[in-house]
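To start, the structure under review is shown below, and the notes come after it.
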Amino acid sequence: DPTKHPDWQIAQDAEKSMKTVETLAAELGLEKDELLPYGHYMGKIEQQAVLRRLADRPNGKYVDVTAITPTPLGEGKSTTTIGLVQGLSKRGVKTTAAIRQPSGGPTMGMKGSAAGGGLAQCIPLTPYSLNFTGDIHAITSAHNLAMVALTSRMQHERNYDDEKLERLSGMRRLNIDPTRVGMGWAMDFCCQALRNIIIGIEGDGRRNDGFMMRSHFDITAASEIMSIMSLARDLPDLRKRLSRVVLAFDRAGNPVTTADLEVDGAMMAWLLEASKPNLIQTIEGQPVLVHAGPFGNIALGQSSIIADRVALKLSDIHVTESGFGSEIGYEKFWNVKCHMSGLKPDAAVIVATVRALKNHGGAQPPMPGRPLPEPYTREDVGLVEAGCVNLLRHIGIVRRSGVSPVVCINAFATDSKNEIAAIRRICEEAGARVALSEHWLKGGDGALELADAVMDACNEPNNFAPLYDWSMPFEQRIETIAREVYGADGVEFSSLARQRIKELQARPDAEELGICMVKTQYSLSDNPALKGAPTGWRLHVRDCLFYGGAGLVVPVAGDISLMPGTGSRPAFRNVDVDLESGQVTGLF
Ligand code: ADP
């Protein structure tokens, strides 16, 4: 009973009767040598072999789970993704889910391990939440290897004249500009102390301790290598992207890449195992592919293209997830991920909660780790109705992509009948499918209404089409997203952003670069305080980053930290090992 037991206890109970990974893989239709078991209950899928063997098999239906503008508590996209496959399975559908791998930062910080919750979670919870099959470690290492290549090169170029440099290294001088080194280091925890650092401090005046300069750490989920892992279609595409990562610029303003440093091949080797999607199961035994885990705000925030391609060959309905609200996660799914993968969704689920709608109706946002304030614990139909302006805008965004949305009301114990009825009525008036789902409380049995609505939507032909053409100049693409998706009146570019965009527009491959907007997830606008459906505002783009390997132009609207901090009540304080049973306790 999830109202009485924490997630980790529910997981431990379900783990007593879970399938071995061999059984899971056989049920999924994998051949023996397409599975690499990692212990008894986890495995990796040899995706190249599967895609080759099933190249001619038609894909299953493709469903994306997105949400309304969330509160800091999360509205249950991962939980709904898991609940939906459990519900579809109860209806006899062969189904799979793809989710992102949890990041150590949130798992040990505030938000938990994103394995779903209640009776809609995936297992085995402990190894999934901690280290898993080592992918994040591999991504962190590949990222840092690039930085080792760069910083050692800078030291050698400083220490040697041209003749000696050429003789010792066999490489031409790269003339890296220490003031234009964009890439920092990566680690998988939230460490504010490493946000701004000085490296290469010369001990005792020695010149072998590196090149002294300003640097920084980002959390691995924000690393470009993580983005690349989620966007690569296959191994040749991964290899190509790894060679194009821009670490810095030279003194003439030209990019210095991983290929220039001749480190791209080694990064590929380091990442080979991590390129294979991981296989685990829901607590009701459906297959879940877990692969990559990029941030939703700075990167794409999507489960990987490789995992989706593999799963679509193996199931009749595959459910994937995109981060944050639909204006961020679904917009990037629609206009970047699907462009790069060539796939098209058959349905999109918008997760809505009474608590987020109350927030949009005017209640102060609830905060993690603190008791819910009063408007969230008593019935207030008026607040919910007022907040539905936000839901209606998200319905409009999904419709704009040519797909008809299914609104999922993710039921919480504090919801009242009248509040639910109000959301249903407003969705029905807007002509949108709506389902109340109690997967958190009841597992698959609680998600039947949602499963039926999703199957219904999948059987309806849709007109999925991109919002803009990639041949359009970047500024125009950004304007289109701001006006048509965010509901802005237009865009203000800072002179820095304009300059950066102009430089990028001059690249010969400009038409092959996607737009990955950086914006707060707490509002449809660029101001986190504006709830509901803000109008009469303009988007402020203050900078524009470039991820050459991922192939992304990244306009920055607002302040986004690539290295979150750890607060005063972190989750790690509750985590321990029960020495008697050898089980980890306290994860969620
Ligand atoms: P998201 O993927 O949207 O960030 P999650 O699925 O991770 O959200 O859910 C956020 C948190 O809320 C998790 O701790 C999850 O267990 C909890 N949660 C989700 N749905 C419910 C529900 N219906 N009732 C109670 N708790 C829920």
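A few comments on the model shown:
- Value of relative contact order over segment 23-143, rounded to a whole percent, pairs C-alpha under 8 Å and six or more apart: 18 percent
- Across segment 319-436, Cα pairs under 8 Å and at least six residues apart give a relative contact order of 30 percent.
- Computed from the C-beta positions of Arg483 and Arg180 and an R0 of 45 Å, the FRET efficiency is 0.85 to the nearest 0.05.
- Using θ = phi - 60° and Karplus 6.51 cos²θ - 1.76 cosθ + 1.60, couplings along segment 350-358 (whole Hz; Gly, Pro as x): 9, 7, 10, 10, 4, 5, 5, 5, 4
- Rounded to the nearest 10 degrees, the angle from helix 381-400 to the longest Cα principal axis of the chain is 60 degrees.
- Per the Debye formula on identical point scatterers at the alpha carbon atoms of the chain, with no solvent, log10 I(q)/I(0) at q = 0.08, 0.09 Å⁻¹ is -0.53, -0.68.
- The phi-based Karplus calculation (6.51 cos²θ - 1.76 cosθ + 1.60; θ = phi - 60°) puts the 3J(HN,Hα) values of segment 320-327 at 10, 9, 10, x, 6, x, 5, 6 Hz, whole numbers, x for Gly and Pro.
- Measuring nothing but how far apart in sequence close Cα pairs (under 8 Å, 6+ apart) lie, relative to its length, segment 390-458 scores a relative contact order of 32 percent.
- At 1.306 mPa s and 10 °C, Stokes diffusion of segment 433-588 via Kirkwood alpha-carbon radius, µm² per second: 80 µm²/s
- Cβ-derived FRET efficiency at R0 60 Å, Met472 paired with Glu163, nearest 0.05: 0.80
- Computed FRET value (nearest 0.05) for Gln48 with Glu512, which takes r as the C-beta separation and R₀ as 22 Å: 0.40
- In the chain, the longest principal axis of the Cα atoms and the axis of helix 495-505 are about 80 degrees apart.
- Inter-centroid distance (Cα atoms) of segment 502-551 relative to segment 7-76, Å: 32 Å
- If you look at the Cα atoms of segment 125-191, you get an Rg and a Dmax of 17.0, 56 Å.
- Solvent exposure of the chain as accessible area per residue, Å², 1.4 Å probe: 39 Å²
- Gap separating the Cα centres of segment 480-497 and segment 176-218, nearest whole Å: 34 Å
- Counting only the Cα atoms, segment 226-321 fills a convex hull of 105 Å³ per residue.
- Largest to smallest principal axis extent of the C-alpha atoms in segment 118-251, angstrom: 65, 38, 22
- Computed label-point distance, nm, for sites Ala465 and Gln192 using a 7 Å Cα→Cβ extension: 4.8 nm
- Dimensions of segment 1-48 based on its C-alpha atoms, expressed as ranges along the principal axes with the largest first, amount to 43, 16, 15 Å.
- Accessible-area composition of segment 72-154, carbon plus sulfur, in percent [1.4 Å probe]: 57 percent
- For segment 7-36, the list of trypsin sites (Lys or Arg not before Pro) that fall in a loop by DSSP and count at most 12 other C-beta atoms within 10 angstrom reads Lys16.
- 0 to 90° range, to nearest 10: angle between helix 417-429 axis and the chain longest Cα axis: 70 degrees
- Take the Cα of Phe412, step 7 Å toward its Cβ, do the same at Arg239, and the gap between the two points is 4.9 nm.
- Under-5 Å amide H pairs with Lys61, H placed in peptide plane, nonlocal only: Ile317, His318
- Our compactness index for segment 196-256, the C-alpha radius of gyration over the empirical 2.2 N^0.38 Å, is 1.52.
- Restricting segment 213-293 to trypsin sites (Lys or Arg not before Pro) in coil, as DSSP defines it, with at most 13 other Cβ within 10 Å: Arg251
- In segment 379-472, the ratio of gyration radius to Kirkwood radius, Rg to Rh, stands at 1.04 when only Cα atoms are counted.
- Separation between Cα centres of segment 402-418 and segment 131-150, rounded to whole Å: 39 Å
- Taken along the Cα-to-beta-carbon direction at a fixed 7 Å, the label points for Ile201 and Glu428 span 6.7 nm.
- Segment 345-412: trypsin sites (Lys or Arg not before Pro) in DSSP loop, at most 12 other beta carbons within 10 Å: Arg378
- For Val407, the amide hydrogen comes within under 5 Å of the amide hydrogens of Ile350, Arg433, Val434, Ala435, counting only partners 5 or more places away or on other chains and with H modelled in the peptide plane.
- Residues of the chain were split at every exposed loop site, defined as GluC sites (Glu not before Pro) in a DSSP loop with at most 13 other C-beta atoms within 10 angstrom, and the longest piece left, sites excluded, is 203-579.
- P(r) histogram, all alpha-carbon pairs of segment 321-409 included - 5 Å bins from 0, percent: 3, 13, 22, 20, 15, 12, 8, 5, 2, 0
- Of every Cα-Cα pair in segment 1-157, the percent that sits beyond 29 Å: 31 percent
The values are calculated or read from the model by the stated rules, or taken from the named source; none is laboratory data. On a predicted model such as this, the values are computed, not experimentally measured, just so you know. Every residue, glycine as well, gets a Cβ built from its backbone with ideal geometry; the counts of neighbours run over all protein chains shown. Accessible surface is based on the protein model in full, side chains and every heavy atom, while ligands, DNA and RNA are left aside. Shrake-Rupley method; radii C 1.70, N 1.55, O 1.52, S 1.80 Å.
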